[in-house]
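All of the numbers you see were taken from the coordinates with simple rules; none came from a lab. Everything quoted here is computed from the prediction, not taken from an experiment. Glycine gets a Cβ as well: all are built from the backbone with ideal geometry, and neighbour counts include every protein chain shown.
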Amino acid sequence: MTSVGFNLTSASSASMLDTSSKALERVRQTASVRDAAAPAKTGAPTTPESNTAYWSIPTTFSASSLSLGSVQDANGRAAAVTDTAAVGLEQATEIVGRIQQKLVQAKAVGANKSAINAEIDTMKARLSEVIDDSAFNGENWLQVGAGQQPKVASLLASVSTGDQGELSINMIDFDTAQATLVSKEKADDGLLTRAYAGTSMSGVPYDYYLMDANSSVPNRSSAQEVRIDAGTSSDQIDGMISALNRVLIDMVGASAEVSAVRNQISGDDGFIEGLARAGDLGTESRVRSDLGDHDAKRMAVEAQSQLQESGLNITNASMAGWLKIYP
């Protein structure tokens with residue numbers, strides 16, 4: 001005689017195990033791109049660090065961070081170039097003003113013009129040092145070498161973001177001819193090597209330049225360097241003072257142009273750095289949060305599945321014992 005028994009507990013356990021297995025499969029597909037393509041299994045849970053999706057998101061954003069880093073480098077370089085030029089112009093203008101003061105002193109009765117000229121020569125040497133040192137990364141707006149000419153420099157001025165997160169990079173052009181003080185190619189291109197001609201307040205014509213840079217294309221033959229000695233007349237000194245007054249006016253104008261460019265560049269560096277930091281933090285938080293939730297869900301479902309499988313095994317074992325007692 002054959003008897004068929006129905007164990008309600010075993011059936012319930014089997015049903016719960018089947019439901020858990022399906023839930024586990026759904027969680028796996030959501031949590032991991034790699035696990036979605038693989039067959040379901042109840043092995044050890046995959047950690048976020050071993051999940052390809054975990055690394056694909058940060059790697060993608062790393063490229064964006066690298067772009068922001070490049071933008072930040074370019075912006076920092078532009079700021080450094082303009083800062084260097086601005087400081088150099090400021091120092092050079094101060095020295096030229098002191099040279100003009102020395103010329104005024106030379107007009108005094110009994111002034112030692114030769115000694116004053118020695119001081120002027122020392123100031124000119126210092127002026128050359130300031131101009132030579134006004135270079136950043138090989139770029140010097142205050143000086144043009146032999147065989148060269150002033151150029152238009154393109155600088156990264158600002159960066160903005162659109163509604164969709166796209167970057168908008170704004171460039172600004174600056175004609176370095178506005179800031180050139182010394183030109184070793186064409187004397188007329190430099191404010192300090194250029195000859196200034198006119199008529200002084202006393203009605204005496206003048207034609208002077210402050211520095212001789214041995215330019216390939218020198219000033220006109222009538223122009224003379226600002227230099228005095230015991231035989232220099234008061235009218236000649238007046239002409240030199242008038243020429244330097246025009247030089248100073250042009251140098252102040254050059255400083256204003258460079259400062260205007262510098263003000264458009266400075267201040268954006270912090271914005272770019274903050275934009276990159278915000279993106280990094282936001283992405284890291286999202287990746288860790290989302291994947292952490294999915295991983296936790298999967299671990300919970302796996303634990304539930306394992307417990308229900310154990311419960312089914314216990315139930316089956318109990319049923320087998322009952323059949324032995326009641327064959």
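Please give, to one decimal in nm, the separation of the simple spin-label points placed at Glu94 and Val152, each 7 Å out from Cα toward the Cβ.
Label at Glu94, label at Val152, 3.4 nm between them.
Using a simple spin-label model with points 7 Å from Cα along the Cα→Cβ vector, what separation in nm is obtained for Asp73 and Val217?
Output for this residue pair reads 3.7 nm.
Please give, to one decimal in nm, the separation of the simple spin-label points placed at Val252 and Asn137, each 7 Å out from Cα toward the Cβ.
3.3 nm
Provide the gained length on full extension for the span Asp173 to Ala80, in nm with one decimal, where the gain is 0.36 nm per separating residue minus the Cα-Cα distance.
Working it through step by step, the gained length comes to 31.9 nm.
Can you tell me the order of 248-258, 233-243 when each peptide is scored by its average per-residue count of other Cβ atoms within 10 angstrom, highest first?
Result, highest mean first: 233-243, 248-258.
Out of all DSSP beta bridges with both ends in the stretch 122-266, state the antiparallel percent to the nearest 5.
Counting only bridges with both partners in the stretch 122-266, antiparallel ones make up about 75 percent.
Could you sort out which of Lys151/Lys184; Lys124/Lys151; Lys151/Lys186 sit more than 23 Å apart by Cα distance in this structure? Intermediate results must be reported in sequence, preceding the final value.
Details: Lys151/Lys184 15 Å; Lys124/Lys151 25 Å; Lys151/Lys186 14 Å.
Checking Cα-Cα distances, Lys124/Lys151 exceed 23 Å.
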